[in-house]
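All remarks here apply to the structure that follows.
The values are calculated or read from the model by the stated rules, or taken from the named source; none is laboratory data. Note that the coordinates shown come from a computational prediction; the quantities given were computed from them, not determined experimentally. FYI the Cβ positions are ideal-geometry reconstructions off the backbone, even for glycines, and counts take in every protein chain you see. Side chains are part of the model used for accessible areas, which takes the heavy atoms of the whole protein and leaves out ligands, DNA and RNA. Shrake-Rupley method; radii C 1.70, N 1.55, O 1.52, S 1.80 Å.
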Amino acid sequence: MSDYRRSQNEAHPNKTNTLMTGIILLLILFVSIQIWFLFGALNNALRENLAFAITTFVGSFILALASFWVLRYLPDPIRSEKGKAPERKDL
Amino acid sequence: MKDEKYEKIPNWKSDFPIERKEATHVSRREFAKYLGLLSGALAIGNGGIVIKSLYFPAEELKGEHYVCNQSDVPVGEMFQFSIEGSEIIPYILIHLEENEWRAYEQKCTHLACAVRYRADLDKIECPCHKGYFNPRTGDVLQGPPPRPLPQLEVVLKENQVFVKAKEPNKIV
Ligand code: FES
């Protein structure tokens with residue numbers, strides 16, 4: 001059976017690839033910024049700089065929410081259809 | 001018909017019918033999810049710092065502590081002492097000039113090496129990675145230390161030297 005999704009995938013086989021790469025890059029960006037925040041907070045706020053600690057925490061929290069949210073757009077895994085023998089073309 | 005198929009596909013392949021495309025796709029999904037998890041963990045870590053500095057602030061030194069007699073430390077010399085609180089913290093007392101005294105924590109703010117006063121350079125030196133501090137303010141002059149040295153206030157009474165916690169309004 002052919003449906004819209006499948007014919008789309010067949011017409012643009014690289015689309016999920018690009019989407020996945022984009023999401024992973026975005027996540028890496030978020031995590032790097034968070035590491036930067038945490039590093040700064042450890043250096044700075046473990047002493048008495050509470051404002052810095054709170055600011056970086058809020059930033060880090062928002063970034064974490066953003067990375068959870070972006071996970072929703074992960075493309076579904078490609079499954080070989082049931083009942084059909086797996087194709088061997090690429091092996 | 002069946003035999004033909006077995007000839008084409010080796011046993012190990014028909015036992016594990018996993019397409020390469022599918023396998024790599026799934027692992028990247030998992031990688032992305034782990035990145036999300038890491039992101040959450042980092043946010044929690046940052047929250048931990050907030051909680052730590054809100055509810056468990058570093059204990060202030062209470063009262064005045066006797067260090068030594070003024071005559072024990074000539075000008076340009078430093079004196080090592082430690083104060084026992086919840087933990088033993090080593091300090092150095094520096095006699096900069098006549099009636100100019102400073103007291104700092106001895107642990108370098110970089111990786112906690114013991115710092116010392118170099119009268120010839122008029123700087124506090126950390127020998128580990130060549131970090132230098134201003135002996136008058138404790139500020140970092142050069143090198144890797146990220147923060148100034150924590151300072152105590154020196155109180156002179158008659159011939160004796162005492163230290164106490166620095167007034168918070170002096171912290172910038
Ligand atoms: S420990 Fe002092 S400079 Fe590295």
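Residue-wise test of (1) open to solvent by 20 Å² or more (accessible area, probe 1.4 Å); (2) away from the ligand (no atom under 14 Å from the Cβ); (3) away from chain A (no Cβ under 14 Å).
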site	(1), (2), (3)
B:108	no, no, no
B:111	yes, no, no
B:122	yes, yes, yes
B:137	yes, yes, yes
B:143	yes, no, yes
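Evaluating residue B:46 against the criteria (1) exposed (fewer than 14 other Cβ atoms within 10 Å of the Cβ); (2) away from the ligand (no atom under 16 Å from the Cβ) leaves one unmet condition, (1). Is region B:154-171 home to any residue that is within 16 Å of the ligand (Cβ to nearest atom) and open to solvent by 40 Å² or more (accessible area, probe 1.4 Å)? The answer is no; no qualifying residue exists.
Working only within region B:55-66, note down all residues that are of a type outside the set (Asp, Glu) and either open to solvent by less than 20 Å² (accessible area, probe 1.4 Å) or within 18 Å of the chain's Cα centre (by Cα) (or both).
B:56, B:57, B:58
Determine, yes or no, whether residue B:100 is exposed (fewer than 13 other Cβ atoms within 10 Å of the Cβ) and modelled with pLDDT under 80. So residue B:100 fails the test.
Please work out if residue B:70 is surrounded by 12 or more Cβ atoms within 10 Å (Cβ to Cβ) and in contact with a His (Cβ under 9 Å, 6 or more places away or on another chain). Yes, satisfied. In this entry, residue B:126 passes the filter for residues that are over 22 Å from residue B:160 (Cβ atoms), within 16 Å of the ligand (Cβ to nearest atom), surrounded by 20 or more Cβ atoms within 10 Å (Cβ to Cβ) and under 21 Å from the mean Cα position of the chain (by Cα). Residue B:149 fulfils the conditions (1) open to solvent by less than 50 Å² (accessible area, probe 1.4 Å); (2) assigned to a strand (DSSP E or B); (3) not β-branched (Val, Ile, Thr) except for a single criterion, (2). Do we have any residue at all in region B:81-93 that's open to solvent by less than 20 Å² (accessible area, probe 1.4 Å) and farther than 24 Å from residue B:63 by Cα? Looking for residues that are open to solvent by less than 20 Å² (accessible area, probe 1.4 Å) and farther than 24 Å from residue B:63 by Cα, one finds none in region B:81-93, hence no.
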